[in-house]
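The values are calculated or read from the model by the stated rules, or taken from the named source; none is laboratory data. Keep in mind it's a predicted model, so treat the numbers as computed, not measured. Calculation scope for accessible area: heavy atoms of the full protein, side chains included, ligands and nucleic acids excluded. Shrake-Rupley method; radii C 1.70, N 1.55, O 1.52, S 1.80 Å.
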Amino acid sequence: MSAVAESLRGRPYELFASLRGWGREIRHDKTALVGFTLVVLLVLTALLAPLLAPHDPGAQNLRARLLPPAWLDKGTWTYLLGTDHLGRDVLSRLIHGSRVSLAVGAGVVLLAGGFGTVMGLLAGYFGGRTDAFIMRWVDTQVAFPGLLLALIILAVVGPSMGSLIAVLAINGWMVYARMVRGSVLSVRQLPYVEAAEMVGCRSLRVVFRHVLPNLVSPLLTLAILEFARIVLAEAALSFLGLGVQPPATSWGLDVANGKEYMFRAWWLVTFPGGAIALSVLGINLLASWLRIASDPQEREKSFARRIVRQRRRPA
């Protein structure tokens, strides 16, 4: 049995118990509940987009150009949130735009998180020249302007969803590497890790069986925070014309298309901009709660504050 497979043995039950505990805590934390609700809505909207969208997001109807939302004068319930300059349904484009945000965010988190985690594990556990080489690589790439690197890569390979995911992953793996390296340096000094090394366990077994499981909580928190950053980055690059290209739909692309009609048709930039803001807000709220829930010291402080608030309530 491989070291990775062995490290996962028996852990589904522990993960299920942790998820049940987190679920109870989320129900009692209003801020976390708001963030969790927004994230769930984002995921469900993206997964069920073909069923939820009332129209084809790319279907044009020039006779229905720049119709306002249904509750305004001249609006129609056929187009609940109005139409854009080509007569396309704003609501349908919003719903399908969530798929782009989710796909890009998940792709970048998997690529950047996986590569950065491996680099951080190698640097933190083996140390020496390996650590020096990886960290100098990280420092060099961090010093290089990320936007300039994105412009160079996208200018060479051309803008598309695949190249966008690759660019954001190249610009984001260093955060995971630094965090994992710092955590490994502290975990490596724990007695059970030293005991595993003394009895002759292979390096891969020690890393994946004894070190990596202790990094799941901080890695998950960082991944969620990075997901929010990626949603903003995708929208910004699509707004600049370097991300998703027409006829595909994207919240950033919709804002770019609607900026010329901002004063005539405010809904073209308001609704996709609001979708970006609510998505990032929900992800950040969930990540903030997860950071507290995964840190024993923060959990004790939060529990103490909850007890104080309950005692101050009038009987």
Seminar exercise, completed: Heavy-atom accessible area of region 61-103 with neighbours in place, 1.4 angstrom probe: carbon+sulfur share in percent works out to 57
For this session: On the full set of protein chains, 1.4 Å probe, figure out the accessible area of MET135 and give it in Å² to the nearest 10.
Result: 20
Exercise. Cα-Cα pairs above 25 Å in region 82-211: how many percent?
Worked result: 45
Exercise. Just the accessible area per residue of region 78-176, please: how many Å² with a 1.4 Å probe?
Worked result: 41
Problem set entry | Gain upon complete extension [LEU52, LEU147; 0.36 nm per residue less C-alpha separation] | 30.7 nm
For this session: Could you pull out every residue, at least 5 positions away or on a different chain, whose amide H is within less than 5 Å of the one on GLY243? Hs are placed 1.01 Å off N in the peptide plane, and Pro or chain starts have none.
Result: SER238
